[in-house]
Each structure stands twice: as C-alpha cells, then as structure tokens.
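K.L.:
Pasting in a structure now, in structure tokens, and then I'll have a few things to ask.
The values are calculated or read from the model by the stated rules, or taken from the named source; none is laboratory data. Keep in mind the model is a prediction, meaning the values are calculated, not measured. Positions of Cβ are generated from backbone atoms using ideal geometry, with glycine treated the same way; all protein chains shown enter the neighbour counts. Surface accessibility is based on the protein's heavy atoms, side chains included, excluding ligands, DNA and RNA. Shrake-Rupley method; radii C 1.70, N 1.55, O 1.52, S 1.80 Å.
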Amino acid sequence: MAQAVRGVMAGLMLGAAALPMAAQSLALPAADPVGIARSGAQVAYGYSLEAASTNPALLASLRENRGFYLAAGLDLASTQQSLESNQRTTFSTDRNRGIGAFGAAFRLSPAFSLGLKLDEPFMRHGRLRDDAPSRFLGDGLDLSARRLEGQMAWALSPNVSFGLGLGAARLSFESSSVMRFGVPLDPSQPTSGINPVQGLVEQRVAQSGNKTVPSYSLGLRWAINPRWTLGAAHQSGLKGDLKLSAGFRDANLGLYANDGLSIAPLGTAPRATALLGASTPVQAGSRTLELPSQTSVGFRHRATPMITWEADLRWTSAGLRMPAFAAVSTPSGPVSAPSELPQGKSHLGLGASVEVELGKFWTVRGGLSLDQRSVEESAAEPLLGGSRTAAFSIGAGYRTWGGELSLGYQYRQSEDQDTRRLDGVWSAAGFRATGTRVRMEGMGHLLALGFKKTF
C-alpha cells in the first residue's frame, strides 16, 4: 500500500514538472483548503462537506446530521513583461489578496438536507509598473466575486440525489490605465492653430465600483455502485452593470515632447498642472461586468479503502466581459484608452484529484488541472491573461479537536505568451504600436488553512 501511495504522489509531481509557465487563471478552483488541494476536482466527491460547495446534491450523501467548515487563505499572483528589443523586464505589484470560505450542512430528514456556502469563485489582481510597455492598454486590475448561497438537496433514493443553491454574489471591480494629454499654450482652451500643443503629460486614470447580483447552482449525484459515483453541477454566471466612479490616481507620471519620447519643452510643467485641473475623469462605454458560468461532470472511484480518485471535465462559457476603461474630458475634447480588456471565449478544462487516508489521523490530497485558452490569442495582454492554464496542488488533513484541520496549496501557471501589440508610443498624434515583441510570464499561488467539524 505504501508503494501505491508513493506511486500516486510521484505521478502528480511528474505531471507538475511538465507544466508550462505564465500567469494564472481568473477562476479559483476553491477557497477552502480541501477544494484547493483537489484542484477543484470534486463534483462527484460524496461524503465531503467541502465538495458540496461545488455540487449541492452532495449534501444528501453526508454521513453526519450536521457539520461546518471555516477557512482563510491567500491568493498571490505575479506577472512580468520582457521587451525583445532591449531585454528589459518589468514585474507587477499589488500581488496578494486574502480569501475566505465557509460551509454548513443540516440534515432535516433522511431525504432532505439544507446547506450554506460562502466562497470566492473569481479573483484577479495586479498593477503594472509605471514604465511597463503595455501601460497604455491598461495597467491595473482588481477583480473579486464573493458568493453566498443557501443550498437544498433531495435524495430520491440512497444512490440518487439532486441539489439546488440560490443566493447572491458581491462583485468588486477596479481598473486603471495610463493616458497622455496634449498640453497647449493655453490649457484652459481647446487646441487650435493659434493654441498648438507644446508637450504631453502622462497620467494614471482609474475607476472602481461594486454590484450585488443573483447567483444559483444545480447539482446531481448518482452512486452507480459502492465504488463508482457520477456527479454533475452547474454554477451560474455573474453579470451586472456597475456604478463606477472615476478619478486621477497619483501625481502625473512624466512630461514629454510632442513626439512622445523626447524631453518636454520648458514651461510644460505648470501648463500640465493647469490642464489636469481643468479636466474631469468620466466613465465611458460599457459598465457591464460579466463572469462566466461553469458546468462540470465527474467520476469518482474508491479504488481501495484508503485511496479515492476523481476526474472532472469542465465547460466554461464565453461570458467574460470587463467594463470599459475610464475616459477624461479635457478642454480639447474627450481622451480615451486606445484599447479595452478582451472578452472571453468558451473553453474546456480537465481536473483530477486523489485522496489517501493514512491511518486514523492523516489524509493527504493532490490534484492537477488543465484549461484551454479563455481569451483569443490575438487579444492577449497581462491583466486578464487567458492563455492555456495548468495547476498542481497538494494538501493534508489532520483529525484533531473533534474535527479535521486541513491545509491546501496550489501552484497555478499558464503558457508563456508572445505578442507585438502591447509596446507602443503615445505622441501628440495619439497611440501607435511599435511592433516590438513582448513576452508575458508569471505565476500564481493559492494557499488556505481551514477546520471542519461534524456532529
């Protein structure tokens, strides 16, 4: 048996070693340590309160009448961009965010159970440095979704159950981009033949907003026999029109001549200050934030009394859309970002997990996850990522204090992306791409600690 355990863990580690490298996915596999350690592959994992956050039908499979878990952790993400022309690399900042999860279950009768879950299905954050080559196409993003759902499960028989979750999600969004504005001789008046542009000022413009939107989930569990279980679940998409407020962030980032590269003429600084004072950031374009739905189907197999594994297939819809960047109303007219964040595309994902019970007290877990590209390659940029993604996770649980204390960790990556659309120059005539190749790389880590107790 020890050889079997070592074989399983060695296979997971070899799979992780073969993964490509770059930025992490927008969707989190879970926010609790057990779900993280399984890489989210738990749609058919009966007898697991944590798995019921993915598939509400699993509430009917729990052995105990009541139970709860509470978890907290960190999401860490970093990206980097390297210019082929000069081999200069810039790294992102604002890398860390806290995550949390809660779940509870109550059996009211042999055929009916209630549950409650709090999780964070989506998160993405990062800010590029002031000299990042892609800053004009967006330089900051802070996106999160916190979801609370009440759950119900009906057992039609000991082997078949259905589940339903109803609730709401709190969407939080902030984006920023770096823009340049022409500075005329008289900054309070529009540019003209007698009031020409005499330089450029660079400034960060940001917007933020929140929205509470409805959410739901559906689930099915079918225990084919004592060893094999089929599970299916659908998590709704999240969509809402945000109430966004826009404003300047930080002091101006630099002054330039009309060519966008040279040093600004003398006298530009006071005129630039006056121009920014006479300008107003406004929200322009779409205010809609849309996050995709997910549908999963999985098989769970209890290979031995000690070892259980599962394989899941996920379908993620094309419903990914970000609000337009803020614009600025100046005396010479509106100025907007030269590009918007890309929309998503539907894609498939595959997950696998294994759980090994080591004696009376210890349980070890591991998982792998692979996802297809979620954004068209021609629209690749560092804030949303969107290339093919892979992840490797491990974790352990220890039975103590009348419950189980668990730790879960996931290393999240996707393949490197090369593009020629990010690097550009913003002159008095506007933004233009230089065609220089830029490589985007990065990594992400997900870590959580939690405690579960059943009665």
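K.L.:
Does Ser387 satisfy the criteria of being part of a loop (DSSP other than H, G, I, E, B) and either without any contact (Cβ under 8 Å) to a residue 60 or more places away in the chain or surrounded by fewer than 23 Cβ atoms within 10 Å (Cβ to Cβ) (or both)?
P.N.:
Judged against the criteria, Ser387 is a match.
K.L.:
Return the only residue of Leu368, Leu341, Leu407, Leu348 being touching an Asp or Glu at 6+ places or on another chain (Cβ under 9 Å), on the phi < 0 side of the Ramachandran plot, of a type outside the set (Gly, Ala, Ser) and part of a strand (DSSP E or B).
P.N.:
One residue alone meets the criteria, Leu348.
K.L.:
Those residues that are open to solvent by 30 Å² or more (accessible area, probe 1.4 Å) and under 16 Å from Asp32 (Cβ atoms), I need them from the stretch 397-444; list them, please.
P.N.:
Residues satisfying the conditions are Tyr398, Leu405, Leu407, Tyr409.
K.L.:
Here's a check for you: in the stretch 335-384, which residue that is open to solvent by 30 Å² or more (accessible area, probe 1.4 Å) and hydroxyl-bearing (Ser, Thr, Tyr) is modelled with the lowest pLDDT?
P.N.:
Ser378
K.L.:
Something else about it: Only one of these is open to solvent by less than 20 Å² (accessible area, probe 1.4 Å) and on the phi < 0 side of the Ramachandran plot: Leu185, Leu156, Leu200. Name it.
P.N.:
Leu200
K.L.:
Condition (residue is touching a Lys or Arg at 6+ places or on another chain (Cβ under 8 Å), open to solvent by less than 50 Å² (accessible area, probe 1.4 Å), outside any strand (DSSP E or B) and farther than 30 Å from Trp228 by Cα) applied to the stretch 289-298: is it met by at least one residue?
P.N.:
no
K.L.:
Something else about it: Is it the case that Ser217 is in contact with a Ser or Thr (Cβ under 7 Å, 6 or more places away or on another chain) and either farther than 30 Å from Leu143 by Cβ or buried (at least 16 other Cβ atoms within 10 Å of the Cβ) (or both)?
P.N.:
Spelling it out, Ser217 is indeed in contact with a Ser or Thr (Cβ under 7 Å, 6 or more places away or on another chain) and either farther than 30 Å from Leu143 by Cβ or buried (at least 16 other Cβ atoms within 10 Å of the Cβ) (or both).
Residues are listed down the side, and each one gets a yes or a no for (1) touching a helix residue (DSSP H, G or I) at 6+ places or on another chain (Cβ under 8 Å); (2) open to solvent by 40 Å² or more (accessible area, probe 1.4 Å); (3) closer than 30 Å to Leu253 by Cα; (4) basic (Lys, Arg):
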site: Thr93; (1), (2), (3), (4): no, yes, yes, no
site: Ile99; (1), (2), (3), (4): no, no, no, no
site: Ala111; (1), (2), (3), (4): yes, yes, no, no
site: Lys117; (1), (2), (3), (4): yes, no, no, yes
site: Phe122; (1), (2), (3), (4): no, no, no, no
site: Ser134; (1), (2), (3), (4): no, no, yes, no
site: Leu141; (1), (2), (3), (4): no, no, yes, no
site: Gly167; (1), (2), (3), (4): no, no, no, no
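K.L.:
Within the group Ala169, Ala206, which residue is in contact (Cβ under 8 Å) with a residue 24 or more places away in the chain, within 30 Å of Arg107 (Cβ to Cβ) and small (Gly, Ala, Ser)?
P.N.:
Ala169
K.L.:
Sticking with this one: Give me a count of the residues in the stretch 191-224 that are more than 30 Å from Gln42 (Cα to Cα) and either in contact with a strand residue (DSSP E or B) (Cβ under 7 Å, 6 or more places away or on another chain) or among the polar types (S, T, N, Q) (or both).
P.N.:
18
K.L.:
Looking at the stretch 224-244 only, could you name the residues that are aliphatic (A, V, I, L, M) and open to solvent by 40 Å² or more (accessible area, probe 1.4 Å)?
P.N.:
Ile224
K.L.:
If a residue must be more than 30 Å from Ala380 (Cβ to Cβ), touching a strand residue (DSSP E or B) at 6+ places or on another chain (Cβ under 7 Å) and either surrounded by fewer than 24 Cβ atoms within 10 Å (Cβ to Cβ) or among the basic types (Lys, Arg) (or both), how many such residues does the stretch 50-85 contain?
P.N.:
Number satisfying all stated conditions: 8.
K.L.:
How many residues does the stretch 277-288 contain that are more than 29 Å from the chain's Cα centre (by Cα) and surrounded by fewer than 20 Cβ atoms within 10 Å (Cβ to Cβ)?
P.N.:
Residues flagged as more than 29 Å from the chain's Cα centre (by Cα) and surrounded by fewer than 20 Cβ atoms within 10 Å (Cβ to Cβ) within the stretch 277-288 amount to 3.
K.L.:
Please go through the stretch 136-169 and give me each residue that is over 14 Å from Gln235 (Cβ atoms), in a strand (DSSP E or B) and in contact with a Phe, Trp or Tyr (Cβ under 8 Å, 6 or more places away or on another chain), ordered by number.
P.N.:
Selection gives Asp142, Leu143, Ser144, Met152, Ala153, Trp154, Ala155, Leu156, Val160, Ser161, Phe162.
K.L.:
Any residue in the stretch 245-268 that is open to solvent by less than 50 Å² (accessible area, probe 1.4 Å) and among the charged types (D, E, K, R)?
P.N.:
Checked the stretch 245-268: no residue is open to solvent by less than 50 Å² (accessible area, probe 1.4 Å) and among the charged types (D, E, K, R).
K.L.:
If you check every pair at least six apart or on different chains, which have Cβ atoms under 6 Å apart with a residue in the stretch 243-266 that is under 15 Å from Trp426 (Cα atoms) first and a residue that is open to solvent by 70 Å² or more (accessible area, probe 1.4 Å) and in a loop (DSSP other than H, G, I, E, B) second?
P.N.:
Leu253/Asp130
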